[in-house]
Amino acid sequence: MMIRMFKTTAIASVLSLALTAGAQAAEEVEVLHWWTSGGEAKALNVLKEDLESQGIAWKDMPIAGGGGTEAMTVLRSRVAAGNPPTAVQMLGFDIQDWAAEGATANLDELAGAEKWDEVVPAALQRFSKYDGHWVAAPVNVHSTNWVWANKKVMDELGVTEPPADWDGFIKFLDAAKAKGYTALAHGGQPWQDATIFDGVVLATGGADFYKKSMIDLDPEALGSDTMKTVFDRMKQLRGYVDENFSGRDWNLASAMVIESKAAAQIMGDWAKGEFLNAGKKPGEDFVCFRVPGTQGMVTFNSDQFVMFKVGEDKQAAQNAMAKAVMSPKFQSAFNVVKGSVPARTDVPNEAFDDCGKKGMADLAEAAKNDTLMGSMAHGHSAPAAVKNAMYDVITNHFNNEVSSADAVEQLVNAVEGAQ
Ligand code: GAL
């Protein structure tokens with residue numbers, strides 16, 4: 001009896017010790033991200049609430065400025081000071097760069113137990129793993145070759161079907177402009193210019209040309225006449241933006257379409273998050289279609305939470321966050337709000353609206369047909385140095401009197417110099 005009592009008490013105190021230790025260790029995650037727009041914040045809340053329900057507090061570290069360039073600069077100083085955040089939103093090649101520096105945690109044990117290898121597509125694993133080890137938990141798949149159009153404006157213009165090709169797109173933009181709308185809602189920031197560029201490269205040269213120029217960085221493709229046409233088309237699009245476009249945040253450009261001031265925006269599917277957040281419905285208030293001429297092709301980016309090397313006291317919370325991010329239920333709930341599609345292949349599409357369902361179907365089809373390609377603008381086709389060099393050329397051409405021939409030459413040189 002005595003022994004039994006002793007045993008019970010001992011077990012109880014060991015248990016309570018373990019629980020206290022667990023509760024302490026799992027108490028907070030500090031997360032660096034650039035999800036500051038209304039739709040993005042709403043999506044992020046899904047994660048915050050999920051973690052809070054597990055007793056894990058959220059320390060927010062938002063760095064405005066989509067595309068992540070500013071966020072990476074802030075991260076650099078935190079890592080240099082030996083005080084990295086628990087988790088960092090990150091894109092493609094940046095993940096590999098940070099892992100190569102030895103700054104990231106090893107998630108193999110969790111990934112093995114949760115069978116991530118079986119459910120995360122190879123195109124994402126290529127970035128989530130470094131040297132064969134899991135360092136990041138992919139939270140979504142976005143894609144950049146989308147157009148978000150105002151349904152009322154389309155109706156007014158008598159446009160019943162999305163334009164099928166470039167000429168059709170230009171006709172649509174002309175018609176909108178003639179009616180006094182800003183035809184193309186755009187924010188003049190380098191990453192946004194580059195997002196349009198992704199779509200124009202794909203529409204102009206097709207998947208093979210995109211791969212050769214943006215992924216293989218083949219100088220011949222970069223310097224080709226096709227690339228000259230790409231720059232001609234970028235200048236063509238420049239003619240459809242309003243005069244206040246310079247420096248405008250992407251979500252304010254989305255708002256112009258939402259408020260029927262502009263006809264359309266070329267933007268990744270995070271734009272859908274803004275439409276939904278404003279209470280707009282796909283098919284009724286807005287229409288999503290692929291950049292005309294890029295049907296059947298997808299340029300993707302995947303936001304991943306890269307886990308950094310933190311002290312032992314923070315690792316339980318870090319693991320809990322990685323586990324939460326990868327749960328199928330969470331991946332559905334989050335991506336429905338965010339505008340993206342799940343990073344796991346086993347999440348049902350029931351909860352998704354028509355644009356989301358199309359996004360999931362397009363992704364699967366493109367993966368099957370080898371027309372799924374990493375977005376240059378969002379760090380999935382080439383390392384940051386090359387990406388930033390391309391940004392400079394694209395933005396300079398978009399804003400200044402630079403001929404397409406000169407831009408092509410600059411692009412070849414910039415890419416060569418950045419490697
Ligand atoms: C992208 C990111 C998206 C979205 C967008 C604008 O780079 O992948 O999730 O946040 O920037 O902020």
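The values are calculated or read from the model by the stated rules, or taken from the named source; none is laboratory data. Please read all numbers here as calculations on a predicted model, not as lab measurements. Note that each Cβ is placed from the backbone with ideal geometry, even for glycine, and that neighbours are counted across all protein chains shown. In case anyone asks, the SASA skips ligands and DNA or RNA and just uses the protein heavy atoms, side chains included. Shrake-Rupley method; radii C 1.70, N 1.55, O 1.52, S 1.80 Å.
Just want to confirm a number: the relative contact order over the chain, from Cα pairs under 8 angstrom separated by 6+ residues, in percent.
Details: 740 pairs, mean separation 112.6, N = 419.
Here the relative contact order equals 27 percent.
Which peptide among 349-357, 197-205 comes first, and what is the full order, when sorted by highest mean count of other Cβ atoms within 10 Å?
Order by mean packing, descending: 197-205, 349-357.
If you roll a 1.4 Å probe over the range 288-419 with all protein chains in place, what percent of the accessible area is carbon or sulfur?
C and S fraction of accessible area: 50 percent.
Starting from the Cα of residue 171, step 7 Å along the direction of its Cβ; do the same at residue 152; then give the gap between the two resulting points in nm.
The answer from the label model is 2.6 nm.
Once you have all Cα-Cα distances for the range 211-368, histogram them in 5 Å bins from zero and send the whole-percent values.
1, 7, 13, 15, 16, 16, 13, 10, 6, 2, 1, 0
How would the range 52-91 be classified by its alpha-carbon gyration tensor: rounded, prolate or oblate, with rounded meaning a/c under 1.5 and the a/b versus b/c comparison settling the rest?
oblate
From a point 7 Å beyond the Cα of residue 77 in the direction of its Cβ, which residues of the range 364-400 have a backbone N at a distance under 13 Å?
none
Please give the contour-minus-distance gain from residue 179 to residue 215: 0.36 nm per residue of separation, less the Cα-Cα distance, rounded to one decimal in nm. If you can, show how the numbers build up before the last one.
Working: separation 36, 0.36 × 36 = 12.96 nm, distance 3.95 nm.
Gain in length upon complete extension: 9.0 nm.
Any idea what the relative contact order of the range 95-217 is, in percent, if you count C-alpha pairs under 8 Å spaced at least 6 apart?
Values: 62 pairs, mean separation 23.0, N = 123.
Worked out over the range 95-217, it gives 19 percent.
Where does the chain land at 222 nm, in deg cm²/dmol rounded to the nearest 500, when only DSSP H runs of n ≥ 4 count, each adding -39500 (n - 2.57), divided by all residues?
Details: 19 runs with 225 residues, N = 419.
Calculated at 222 nm, the ellipticity per residue is -16500 deg cm²/dmol.
Do you know the relative contact order of the range 191-320, to the nearest whole percent, from alpha carbon pairs under 8 angstrom that are 6+ apart?
Working: 65 pairs, mean separation 37.3, N = 130.
The normalised contact order for the range 191-320 reaches 29 percent.
Can you tell me the accessible area per residue over the range 69-164, all protein chains present, probe 1.4 angstrom, in square angstrom?
Details: 3860 Å² over 96 residues.
Ligands and nucleic acids excluded, the result is 40 Å² per residue.
What length, rounded to one decimal in nm, is gained on full extension from residue 59 through to residue 27, with 0.36 nm per residue of separation minus their alpha-carbon distance? Before the final figure, lay out each step's value.
On the way: separation 32, 0.36 × 32 = 11.52 nm, distance 1.03 nm.
Full extension from residue 59 to residue 27 adds 10.5 nm.
So what's the chain giving for Rg/Rh, alpha carbon basis, Kirkwood Rh from the mean inverse pair distance?
Here the Rg-to-Rh quotient is 1.03.
Just to confirm the number: angle between the C-alpha axis of helix 190-210 and the first principal axis of the chain, 0 to 90 degrees, nearest 10?
70
As an exercise, identify the GluC sites (Glu not before Pro) in the range 42-133 lying in DSSP coil whose Cβ has no more than 13 other Cβ atoms within 10 Å. Write down the numbers at each step before the final one.
Numbers: sites: 49, 52, 70, 101, 109, 114, 118; in loops: 101.
Passing both the DSSP loop test and the Cβ count: 101.
Compare the peptides 87-98, 210-221, 394-405 by average per-residue count of other Cβ atoms within 10 angstrom and give them in order, highest first.
Values: 87-98: 24.2, 210-221: 19.2, 394-405: 16.2.
Descending mean neighbour count gives 87-98, 210-221, 394-405.
Measure off, as a whole percent, the carbon and sulfur share of the 1.4 Å-probe accessible area of the range 22-156, all protein chains present.
Working: 2560 of 5260 Å².
C and S fraction of accessible area: 49 percent.
With charges set only on the Cβ (+1 for Lys and Arg, -1 for Asp and Glu), what does the dipole of the range 197-241 come to about its Cα centre, in debye to the nearest 20?
Numbers: 6 positive and 7 negative charges, 54 e Å.
Here the range 197-241 has a charge dipole of around 260 debye.
Would you work out what percent of the accessible area of the range 158-267, with all protein chains in place, is carbon or sulfur (probe 1.4 Å)? Walk me through the numbers before you get to the answer.
Details: 1970 of 4310 Å².
With neighbouring chains kept in place, the figure for the range 158-267 is 46 percent.
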